[in-house]
Amino acid sequence: IPTENFKLSTRDLVGLQLWRGAFLLGDYICSHIDSFKDQVILELAAGTGFSSIVAAKFARKVICTDLESIIPLIKSNIQQNYGSNLKAEFLVKSLDFFKPDWKIEFEDHLKEIDVILVADVIYNPEITRAFFETLKCLLTNTLKPLKVLISMEKRWWTNNQGQVHAPSYDHFIDHLHELTLHQHCKPKIQNVPIETFKHHFSQYYTRNDDLILFQVTKE
């Protein structure tokens, strides 16, 4: 799957790079083809669009979203791949977690979404908080059973006391726990062991214990 990405980017435009979480989602999709056949997929903060392009090989419809500034890269990658057995209807739309007006444009799509994909969007508290507000809205307004797949990589830091920790991941886990208590959705959350599915894209990335995949389901 030819996919353009940037080797370097500013912190605000990290979506222009291709991260290991997207490859991990790609592996999961290719290992669970029946779960994606004829489904409607929404990817949040899609970056290069890699996970959406993989899903489009099997899904009925893919809605690929990110910031307006990243949309041209996604469209370019889709154009390069659309002859590669992509069967899905493919929509590219702008969705900014910090701008609640996205709900108006996506109102009709909320009736049909089956699976939400999210790869490596958790890297600071503000974005994590905004992401979870978006996810709560999606979970409470979709009309069908919904599965959310969230992949990420723990990123370790050393604090002033010399202690090694992963603050972004810890912050994410706090929000994930709060999500289970949300009175309108109360989803089921499962940690998916990555060794349980094949490493299809092994030539592009290595796996380690810091790569994590969560499945969130709402019946």
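The values are calculated or read from the model by the stated rules, or taken from the named source; none is laboratory data. Every value quoted in this text rests on a predicted model; they were computed, and no experiment measured them. Glycine gets a Cβ as well: all are built from the backbone with ideal geometry, and neighbour counts include every protein chain shown. Remember, those area values only see protein heavy atoms, side chains included, never the ligands or the DNA or RNA. Shrake-Rupley method; radii C 1.70, N 1.55, O 1.52, S 1.80 Å.
General remarks:
- Over the chain, dividing the summed -39,500 (n - 2.57) contributions of all DSSP H runs of at least 4 residues by the number of residues returns a 222 nm mean residue ellipticity of -9000 deg cm²/dmol.
- Largest-first ordering by accessible area, 1.4 Å probe, given options 65, 217, 206: 206, 217, 65
- Couplings 3J(HN,Hα) of segment 22-31, computed from phi: 5, 5, 4, 4, x, 4, 4, 4, 5, 8 Hz, in residue order, whole Hz [Karplus 6.51 cos²θ - 1.76 cosθ + 1.60, θ = phi - 60°; x for Gly and Pro].
- Computed in the context of the full set of protein chains, the accessible area of the chain at 1.4 Å probe radius has 50% of its extent on carbon or sulfur.
- Only protein heavy atoms count here; under a 1.4 Å probe, residue 180 has an accessible surface of about 40 Å².
- Take residue 214: with every protein chain present and a 1.4 Å probe, its accessible area is about 20 Å².
- Protein-only accessible surface order, largest first, of 82, 123, 205 at 1.4 Å: 82, 123, 205
- Segment 131-148 - phi-based ³J(HN,Hα) in whole Hz, Karplus 6.51/-1.76/1.60, Gly and Pro as x: 4, 5, 5, 5, 5, 4, 4, 5, 5, 8, 10, 6, 9, 10, x, 9, 10, 10
- Mean accessible surface per residue for the chain, computed with a 1.4 Å probe while every protein chain stays in place, in Å²: 49 Å²
- Extreme residue, positive dipole direction of segment 129-174, given options 165, 140, 152 (C-beta unit charges): 140
- For segment 29-75 versus segment 178-219, the spacing of their alpha-carbon centroids is 17 Å.
- Zone residues, segment 155-196, relative to residue 31, backbone N less than 17 Å from point 7 Å out along Cα-to-Cβ: 190-196
- By a 1.4 Å probe calculation restricted to protein chains, residue 60 has an accessible surface near 120 Å², given to the nearest 10.
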